[in-house]
Structures are given as structure tokens and as C-alpha cells.
Amino acid sequence: MKIALFLLAVLTSAQATSAQVTSAQAAESTQPEKPKAMKESEVTTGYVRVKVDISETGEVVHAEVVEAEPVYLFDKMALREVYQMKFEPLVVDGKPMKREGVIFKMDFEQ
């Protein structure tokens, strides 16, 4: 199972200032296992958009699915994957900051 991850949102409105900003980047990722429902169906591709909150240390502290195709098939796998990821923290004026509402698109294909 291949998974591709794309960062869609960069800053929340509270962080969108004239300060020097360094964007958060995924530092680690795992290879997810194919969901059982996918093994039993003809579906081999799909995507999930996940909204996450990232702590100052780069840990995902909250995640939720905001869109998926096909609906529900990859949701649990996407959430498991996101909670295992570690990010380089957002840095504003040299200080790590938490990030809220970062949206990722995760593409799944066999």
C-alpha cells in the first residue's frame, strides 16, 4: 500500500503575522497496512483529507477526517497514520509554536 501525503494549509489566522515563519514539515511517517474492507472489495485507490493540530514539539494532538473518497474506507487508516507522524514544529521568531487546523490530503493506492 502506497500513501502520499500533501500539506494543504500553512498557517492559522492567529499565526499569520508579519513575524519570521518557518513552516512545519513531516519528519517521520510509517507504511500503513491495507484496510480489511479494501482487501474484500475492488477498490484500490482513494484519498482522505485530515485536519490536524500539532503541538510545539511536533506531536499530533488532535486529528479529524474532513473529506474522504470512498467514504469511510480509508478513514481509520489515515487517522492511525497521522497520529504516528512526527512534525518539525512551526517556528515563529525562533520559537516553536503549536499549529491548529492544518489540512493534509492522503492519497492511497495499491
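Couple of notes before you dig in:
- Pick from the range 55-79, criterion assigned to a loop (DSSP other than H, G, I, E, B) and among the aliphatic types (A, V, I, L, M), ranking: nearest to Glu42 (Cα to Cα): Leu73
- Test: residue in the range 80-88 that is surrounded by fewer than 19 Cβ atoms within 10 Å (Cβ to Cβ), touching a strand residue (DSSP E or B) at 6+ places or on another chain (Cβ under 7 Å) and not in a strand (DSSP E or B): yes
- Taken as a whole, the range 26-49 holds no residue that is at pLDDT below 85, within 13 Å of the chain's Cα centre (by Cα) and open to solvent by less than 30 Å² (accessible area, probe 1.4 Å).
The values are calculated or read from the model by the stated rules, or taken from the named source; none is laboratory data. Computed from a predicted model, the values in this text were never measured in an experiment. A quick note on method: Cβ atoms are made from the backbone with ideal geometry, for glycine too, and the neighbour counts reach across all protein chains shown. Keep in mind that these areas ignore ligands, DNA and RNA; they rest on the heavy atoms of the full protein, side chains included. Shrake-Rupley method; radii C 1.70, N 1.55, O 1.52, S 1.80 Å.
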